[in-house]
Amino acid sequence: MRLSLLTREQGANRALITGGTAASGIGYEQADEPVLVTGFRKMVRSLEFDVAEMAITTYLTAKEHGGGFTALPIFLVRDFHHGATQVRAADAGRRADSLNGARIGVNRGYTVTTGVWGRGALADAGLDLDSVTWVRSGDEHVASYAPPTNVVQAPDGVTLEEMLLSGDLDAVVGAALDHPDVAPLITDPDDAAAESVETTGVFPINHLVVIRDELLAEHASLAEAVFTDFATAKRGYLEQLADGRGDTRQDRVLRRVAQITGADPLPYGIDENRTTLNALIEHAMSQHIIRSAPALDAVFEPSTFGLIG
């Protein structure tokens, strides 16, 4: 069997997408999609790929709106997000609740996962999210999703960075601005995020893997085979991390989490991730991204229940 695969090459999947046919016998043909988020949209709107990496809140939103694909508990990308909120440098270190009633920019769509986790960190620090006017720079992958009334569109022809520096915005979430007059709201954000992992057990998930429902219906063993292929590729990456190889941000963050937890920093499977998944669903609910909280068993393909990778 050969399957088209939307993914970005990274440590956890490199062995899978560069190694030819996997042990399962599946041949994965990586899609030529230079901008990963463009691929997310193509999968959501036209089911363009057989298997796809996807931002997790895009998936939750799409599933609530009838998306024709189902997730496997393969969590390819995780990160710290306490640094997602940036302000003018003079405002760095202020309390989160100082932004009550503010205008805050949102990179791309309101449902973008980095923004969801970033807003969640602000809410945990005391910000009333519903008091804020959220100014998004793009639209949503799920066309039928309607954001709450306190989400507005940025004007054409101006960037979030320009709006922040001019004072039109009080902060920006998820844009990773690189400007000397811009700084994270939360001082030492990665230290704050690491402390949060240690105290709450929540290590934010950004991306998972989905398969078209039509394929899942045709091939009863497909989900488990794909899960096993990704898990096998990940194990080699974890060995590299333990040996000190790799110095990307993702590598450094995962090593830090491994030091904190003493465990696999990138666990696959539902049970190992319940705390983080439930936290994300709570954020998605409180931010009006999904209307009702799904049971985790309804989020993932049933044949993957109990799998650990």
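The values are calculated or read from the model by the stated rules, or taken from the named source; none is laboratory data. All of these numbers come straight from a predicted model, not from anything done at the bench. All Cβ positions, even for glycine, are placed from backbone atoms using ideal geometry, and neighbour counts span all protein chains on display.
Kindly indicate whether Arg108 is surrounded by fewer than 24 Cβ atoms within 10 Å (Cβ to Cβ) and closer than 18 Å to Ala183 by Cβ.
no
Name every residue in region 151-191 that is over 19 Å from Gly109 (Cβ atoms) and in a helix (DSSP H, G or I), in order of residue number.
Result: Glu162, Leu165, Ser166, Pro189, Asp190, Asp191.
Looking at Ala223, Ala193, which is the one that is outside the structural domain of Met43 (by TED's automatic domain parsing), closer than 30 Å to Thr304 by Cα and either touching a Lys or Arg at 6+ places or on another chain (Cβ under 7 Å) or modelled with pLDDT of 95 or more (or both)?
That would be Ala193, the only listed residue that is outside the structural domain of Met43 (by TED's automatic domain parsing), closer than 30 Å to Thr304 by Cα and either touching a Lys or Arg at 6+ places or on another chain (Cβ under 7 Å) or modelled with pLDDT of 95 or more (or both).
For region 124-150, how many residues are closer than 16 Å to Phe80 by Cα and in a helix (DSSP H, G or I)?
So the count comes out to 1.
Could you check, for region 136-155, whether at least one of its residues is more than 22 Å from the chain's Cα centre (by Cα), surrounded by 14 or more Cβ atoms within 10 Å (Cβ to Cβ) and closer than 21 Å to Asp178 by Cβ?
Checked against the condition, which is being more than 22 Å from the chain's Cα centre (by Cα), surrounded by 14 or more Cβ atoms within 10 Å (Cβ to Cβ) and closer than 21 Å to Asp178 by Cβ, region 136-155 yields at least one hit.
Filter region 128-159 down to residues that are in contact with a strand residue (DSSP E or B) (Cβ under 6 Å, 6 or more places away or on another chain) and within 18 Å of Ala284 (Cβ to Cβ), then give me how many there are.
Looking only at that region, the number is 5.
Give, as residue ranges, the helices (runs of 4 or more DSSP H) completely inside region 209-309 that count at least 3 residues that are among the basic types (Lys, Arg) and more than 30 Å from Thr149 (Cα to Cα).
Hits in region 209-309: 249-261.
Within region 3-32, track down each residue that is surrounded by fewer than 14 Cβ atoms within 10 Å (Cβ to Cβ) and over 24 Å from the mean Cα position of the chain (by Cα).
Within region 3-32, Gly20, Thr21, Ala23, Gly25, Gly27 meet the criteria.
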